[in-house]
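All remarks here apply to the structure that follows.
The values are calculated or read from the model by the stated rules, or taken from the named source; none is laboratory data. What you see is a predicted model; the values in this text were computed from it and never measured. Cβ coordinates were reconstructed from backbone atoms using ideal geometry, including for glycine residues, and neighbour counts include every protein chain displayed.
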Amino acid sequence: MTKPESIDGAVKVKLLFFGPLAEKLNQRTIELSLLHGTTINQIIDRFELKSMISGGLVVALDGEIGVDFDTEVKDSSEIAFLPPVSGG
């Protein structure tokens, strides 16, 4: 028995937001179903984070910081959006 097309073509991911971004979105975690082949860059675009990326926001995929934004997310991936570290 084969799976329906909609299940085969989707992946489920968890987005984690920290610092000011979590406050802005009023959420720390979001679970999403995305089409197979969705890239980190497409998620950045969907949540309108481009300006924050250029401002120092860092993205980690499954605990790996500095991944290529053209990387496709896989089922059960965890994508963390980390604010720039400030100190004094």
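Summary of values
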| item | result |
| --- | --- |
| Matching residues, the range 68-88, being buried (at least 16 other Cβ atoms within 10 Å of the Cβ), part of a loop (DSSP other than H, G, I, E, B) and among the hydrophobic types (A, V, I, L, M, F, W, C) | VAL73 |
| Check on GLU72, at pLDDT below 95, closer than 22 Å to VAL11 by Cβ, of a type in the set (D, E, K, R) and within 12 Å of the chain's Cα centre (by Cα) | no |
